[in-house]
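Report on the following structure.
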Amino acid sequence: MWKGIPLFPDSASTYSDAVDYFYLALVGISIFFTLLIAALVVLFAIRFRAREGSAGATQIHGSHVLELFWTAVPLVIVMALFVWSTKIWFTITRPPAHAEQYYVTGKQWMWKIQHPTGQREINTLHVPVNVPIQLRMISEDVIHSFFIPAFRVKRDVLPGRYSTMWFEATKAGTYHLFCAEYCGTKHSQMIGSVIVMEQEDYQRWLSGAAAGETPQVQGEKLFAAMRCDTCHTGQPGARGPKLQGLWGQKVDLSDGSTVVFNEDYVRESILIPTAKTVAGFQQLMPTYAGQLGEDQILSLIAYLKSLSDPAQGGAKP
Amino acid sequence: MSSVDATGLAHHFEDLEQQRESATLGMWAFLITEIMFFGGLFGAYVVYRTMYPEAWDNGSRELDVFLGAVNTTVLIGSSLTMALAVRCAAKGNNKQVAGFTLLTMVLGFVFLGVKVIEYKAKYDHHLIPGPGFMYGGHAGGHEQIFFALYFTMTGMHAFHMIIGAGLMIWVILRALKNSYTPQNHTHVEMIGLYWHFVDIVWIFLFPLLYLLGRHGHAIGAATGGHH
Amino acid sequence: MSSTVQTHAPHAHSPHEHSGVAHAAEPKTNYLTANYGWKSWVFSVDHKRIALMYLFTIAFMILVGGVFALLVRLELATPAGDLLQSENYNKIFTMHGVVMVFFFLIPGVPAVLGNFLLPIMIGAKDLAFPKINLLSYYVFLVGILLTLTAAAMGGVDTGWTFYTPYSSTYANSQVALAAVAVFITGFSSILTGLNFVVTVHKMRAPGMTWFRLPLFVWANYATGLIILLSTPVVAITIVLVALERLFHIGVFDPAYGGDPVLFQHMFWFYSHPAVYIMILPAMGVISELIAAFSKKRVFGYPVVAFSSLAIAVIGFFVWGHHMFVSGQSTYAGVVFSVITMLVAVPSAIKVFNWVSTMYKGDVLLSTPMCYAIAFLGLFTVGGLTGIFLGTMGLDIHMHDTYFVVAHFHYVMVGGMVTAFWGGLHFWWPKMFGRMYPEAIGRVAAALMFIGFNMTFFPQFILGYMGMPRRYHFYPEEWQVLNLVSTLGATLLGISYLLPMIYLPWSLKFGKVAGKNPWGAKGLEWEADSPPTTFNFDKTPIVTEEAYAYPEGARHQPEAKVV
């Protein structure tokens, strides 16, 4: 208990300092206004206190100039703060291109994490320093929230929909990982650590950890095992649309609308194939709800993505 | 304590006009809360319709437009009889107030009876949301959400009608005691307002649930067909 | 007593005037002594008696919610979670939130002080719909009984926010029953709001124009509008959650394509405006207190009145700031953020006007004024920290941490509860005809200020370090700050218990208060203490603005206890 009383969190991501500066500026503004109000209240309470021989109250109805002044000043201040903070928001929510993709599945009450290189971890996330990392997250049950205070970032992890967040750690060390959205009995034990390592340490760790197959290899195997390839042959005249080169493209649907071929669409089509049918195809695909877990769907997504990535032998979009 | 004098003026009002205006404003304020109440459901409807247009079309096609149209007519008719009841109350003609209110009530029950027939048909087709829901031969489609909203919206509407019918019994009893005078018939007016509101909610529900989407899209190649 | 407010019977045909006997020498009865027996209370449609029934019921709920708060703070004194099991800890913080929000913060000022004072302040005999007023009390009581039943049958563990799909599908607790309880309580709130709105429109005494209304009436009017527009939305949302829970209809269940975030939108569409339902009437109280104890008209009266309406209107368009990290679109977030910044402005305007009201006044620091000054400090901190949370870049980090917990306690407890105590002391002589003991009153107010800051200030620091809310266990390095918070909560608890002891004591032993012990302006001070059943012997005619204190107004010598 007495090993020092921390009053400020570690700052260990590329944008955490920007958040801190903004925070400290707001703290400064708040202290200024709180002291101003407090000083005026104390001053008036003493200076104009009711006492024997006081002159009594001077009736003042108001002042347009003052009202305008103290409407305009807060307005300008909060608008400036809005602009400043929204800039920070865009920094934190827009991942750089080619961030490393990690997959996170939340469930009551643990975090399951898979590295792009195939390693799996529970409640611990090892990451290299100075590498932008994007997490693609989904929940198997209720809403969770992936929160790393030292990086000043969190994002809700929803069931039925992917959410993402990104960070680039700047300092090696071990940091708290919390679930920040109340998720039931052991909410406060849905915690873990983010371990930031120097590049070479991370490589050593990777080679030491039991590296399973990469998500996309697992996805490829699942694609065959679930017999997806019998319809999605990639040949003309197949019963299912060709999936090569499709990632990120607009797809025409049978009802005349279009949809972007992305994670959410793929997930929906696997679980509820009737929802959106590609134009020119019959509605023949069965649902895989109950047969595939969220982890497996994420692997399939990784595989389908690789089919459109020339660098991984996929087709050009 | 809450004494009411012979003219129907309660103790805390200065005159009947103030009392009447207060009641009217109160009723309108209440109807605004009702609009917000149904507004929440309409909001959910819009969100899901935007998310799942195909399921919405499929759901619409399961509803019986004929029965829906019959019910719309019945309800508009009941609004007319309710308006006549209010008019008679303003003339102090208590007998006709009772008669028209009774007619309104009967029409209300016709509506509810038709609704029961429709609900029964949905039950037979496994379209009641929940574990037993089946659409097009399988469970778990987005059509379930359409039907969840269909039942909640029409159910809430029916619930409001039942309350209205209860209030009408009270009006009929009071009318039979010759309680309404040209100066004091606020109750009938208030219940009239309420009934028209219930009617208007249906005027929105009918096209949104039954009509929109039925012919909205050209149906593509066998999408989601279940027949 | 005032030369500016004359009274006469305005309507010759009004058959209810008791004026004939009003000046008789026999001792006058008041609303407390008008009639006796339990029936004269439980069937009373007198707004003042209903207000007292609310007062005692709510006082009981404060104790219930307070015990839950105490258990939460005791548990958090150590990081290990050794007092309670997680399951029970979760139920206790949920019950603390449900009880305090729905049975104290929302009804506290309007249903007690508003019910008692609103008709008197506008010169009416009662609210527009006295029977509906009584109905709203019983609906409230049913809500309480159902909530306590849910607690007795195993409790609820969803948090007071009932987020889906946890509440609708996963929680193993009495969610449906608690939802029904909240649903029913909402109707009590709607009935009160409806009554207030109609009363302010239609029941004002002759001469009581809109811009002569006391600011407390303005605040309650704005609150009534918010209640009418927002509460029904949460009602239907709760219906959907209950249907989802009981019949698994799929609306909020992601397995069927239901959108759990839609629940958050619908919930906060009510629950953010509900924050203003809690704080606006409290702001009204503060306007009254500062005017009365500075012997001055509220500085910038029309601006303060309109700022209440501005808060009511803008407050409807900020709900999305609860969901910056929930997966709503970035652009929705930007819009919600900028509107949130805007809603800070009218609150700031109010604070500056209150402070200016004290300038060149005749400031008397009696207990209600001590509470009002505490309010100014605590609400300022609460409001400013709201800006932290409304800015998107910072909210990513702070969302769902103890910073949020500290912020809303500063606004709700530091704001609303402080104003509630201040108002209760201020109008206590009007309600019961007796003065509370002044010295101990000030001690309680000072203790509250110290205890409050000790409890909640450390939580700002914990929040920025990342301590998530609703955590049963927490990392060891945060124990010291949590311990300070728990000690502060103990002081705070004592400071709230003190008035619960000395106020009832004063009913028998307090100094008898005259009509107007503070020498304050306002129709309520023209009525007897306690008022008669119909408040005034004759309908008052209003000829002057609110707070029309004369130049050089001073406190009566006997009011100056220091």
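Computed from the coordinates by the stated procedures, all read-outs in this text should not be read as laboratory data. Just so we're clear, the structure is a prediction, and the values are computed from it rather than from any experiment. Using ideal geometry, Cβ is built from the backbone for each residue, glycine included, and neighbour counts are taken over all protein chains shown.
Annotations for the structure displayed:
- Counting Cβ atoms of other protein chains within 10 Å of each residue's Cβ and taking the mean over peptide C:112-125 gives 1.
- Under-5 Å amide H pairs with residue A:177, H placed in peptide plane, nonlocal only: A:192, A:193, A:194
- When the C-alpha to C-alpha distance is required to be over 32 Å, the pairs from C:91/C:131; A:154/A:305; C:125/C:511; A:171/C:91; C:350/C:521 that qualify are C:91/C:131; A:171/C:91.
- The order of the peptides B:55-66, C:85-96 by mean Cβ neighbours within 10 Å, most packed first, is C:85-96, B:55-66.
- Distance (nanometres) between label positions extended 7 Å along Cα→Cβ at residue A:226 and residue C:63: 5.9 nm
- Exposure proxy shown here: for A:228, A:183, the number of other Cβ atoms within 10 Å sets the order, fewest to most, as A:228, A:183.
- Residue-by-residue Karplus 3J(HN,Hα) for region C:435-443, coefficients 6.51, -1.76, 1.60, Hz, glycine and proline x: 7, 7, x, 5, 4, 5, x, 5, 4
- Panel order for B:174, A:239, by other beta carbons found within 10 Å of each beta carbon, from fewest to most: A:239, B:174.
- Average beta carbon contacts from partner chains per residue of C:181-190, 10 Å cutoff: 1
- Remark: region C:216-228, residue by residue, has Karplus-estimated 3J(HN,Hα) of 4, 5, 4, 5, 6, 5, 4, 4, x, 4, 4, 4, 4 Hz, where x stands for each Gly or Pro and the curve is 6.51 cos²θ - 1.76 cosθ + 1.60 at θ = phi - 60°.
- Theoretical ellipticity at 222 nm over chain C - DSSP helices of four or more residues, -39500 (n - 2.57) apiece, nearest 500: -20500 deg cm²/dmol
- Taking the fewest neighbouring Cβ atoms within 10 Å as the starting point, the ordered list for B:106, A:266 is B:106, A:266.
- In region A:1-110, the chymotrypsin sites (Phe, Trp or Tyr not before Pro) that fall in loop regions by DSSP, at most 10 other Cβ within 10 Å: A:2
- Adding -39500 (n - 2.57) for every DSSP H run of four residues or longer, then dividing by how many residues chain A holds, sets the calculated 222 nm ellipticity at -11000 deg cm²/dmol.
- Amide H within-cut-off set for residue A:136, under 5 Å, with H built and near neighbours excluded: A:102, A:103, A:104
- If R0 is 56 Å, the Cβ-Cβ spacing of residue C:28 and residue B:112 corresponds to a FRET efficiency of close to 0.50.
- Residues whose amide H lies under 5 Å from that of residue C:532, counting only those 5 or more places away or on a different chain, are C:31; hydrogens are built 1.01 Å from N in the peptide plane.
- Neighbouring Cβ atoms from other chains, within 10 Å of the Cβ of residues in A:155-165, number 5 on average.
- Note, ³J(HN,Hα) from phi for region C:143-160, Karplus 6.51, -1.76, 1.60, rounded to Hz, x at Gly and Pro: x, 5, 4, 5, 4, 5, 4, 4, 5, 5, 7, x, x, 10, 10, 9, x, 5
- With the helix formula -39500 (n - 2.57) applied to DSSP H stretches of n ≥ 4, chain B reaches a computed 222 nm mean residue ellipticity of -25000 deg cm²/dmol.
- Normalised Debye scattering of the protein assembly as shown at q = 0.05, 0.09 Å⁻¹ gives log10 I(q)/I(0) of -0.37, -1.12, counting only Cα atoms as equal scatterers and leaving out solvent.
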